[in-house]
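Colleague: Provided herewith is a single structure, encoded as structure tokens, for subsequent inquiry.
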Amino acid sequence: MFARLCAAILVVSTVSLAQAPNPAPPTKPLAFEVVSIRPSKPGANGMFSAMTTPDGYRVSGQALVYLIMFAYFPQGMAYWSNGRLSGAPDWLSDLYDIDAKVSEADLAEWKRQGPLALDKKVMLQQMLQSLLADRCHLAAHMVPGAPIDGWSLEPGKRGPRLAESKPGAEVPPGMKLLGGGVMVGYNRGEKPVQTFYSATMG
């Protein structure tokens, strides 16, 4: 079952570290106090969530590959791609239910931040990295990544079809986005259409 999780190699962008003249003693990395990871029930829909709970992080039906992306690429889905991982096994797409609780010592700092993953980006990122290393035996090897194609968002001739979101406005149910808001997808004839509500440009 979960014991089959073994080390994987993570390829990320180049990270440069400047060495201080008198480095401070290493501190213990942030980590969840209690973690439960169980395979999702058959028929679970694969989803991911950017929401945290008042005392931790809880998701159901989430692939471990999303957990890795949250942990190492908290900038958002625009930075996620298969090219970010090297040597990733197929079972990273298997779905799991994850329930992680922070310790009493970290709870006050955890609650001082907002409900989204981006609100507590650094804190959650370190805790997820500790979870992956401890429970999944993930070994992350930081190496320069190959250039990744991107997109340039520019106004068209008719201007952008954007409307400022009204504070407190209700949004329809849809896929929750990392920076807030939701995305609703549907098909208009043979063309897929995505509509974003209360979403940031990021």
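Colleague: Based on the Cβ-Cβ distance of residue 158 and residue 133, what FRET efficiency does E = 1/(1 + (r/R0)^6) give at R0 = 41 Å, to the nearest 0.05? Please report the intermediate quantities before stating the final value.
Modeller: On the way: r = 50 Å, r/R0 = 1.21.
So, using R0 = 41 Å, E works out to roughly 0.25.
Colleague: If R0 is 22 Å, what FRET efficiency do you get for residue 90 and residue 121 from their C-beta distance, rounded to 0.05? All intermediate terms of the calculation are to be shown ahead of the outcome.
Modeller: On the way: r = 29 Å, r/R0 = 1.32.
So, using R0 = 22 Å, E works out to roughly 0.15.
Colleague: Right, something else. Can you give the accessible area of residue 79 in Å² (nearest 10), computed on protein heavy atoms with a 1.4 Å probe?
Modeller: 100
Colleague: Counting only the heavy atoms of the protein chains, how much of residue 122 is accessible to a 1.4 Å probe, in Å² to the nearest 10?
Modeller: 90
Colleague: Ranking request for peptides 99-106, 176-183: highest mean number of other beta-carbon atoms within 10 Å first, then the rest in descending order.
Modeller: 176-183, 99-106
Colleague: Also, quick follow-up: What nm distance separates the two modelled labels at residue 165 and residue 191, each placed 7 Å from Cα along Cα→Cβ?
Modeller: Here the modelled spin labels are 2.5 nm apart.
Colleague: In terms of Cα to Cα distance under 16 Å, which aspartates and glutamates are near enough to residue 121, apart from those fewer than 8 places away along the same chain?
Modeller: Straight-distance partners of residue 121: 55, 106, 109.
The values are calculated or read from the model by the stated rules, or taken from the named source; none is laboratory data. Predicted model, so just to flag it, every value in this text is computed and none were measured. Because the Cβ atoms are built from the backbone with ideal geometry, glycine has one as well, and the counts that use them run over all protein chains shown. Side chains included, ligands, DNA and RNA excluded: accessible areas come from the protein's heavy atoms. Shrake-Rupley method; radii C 1.70, N 1.55, O 1.52, S 1.80 Å.
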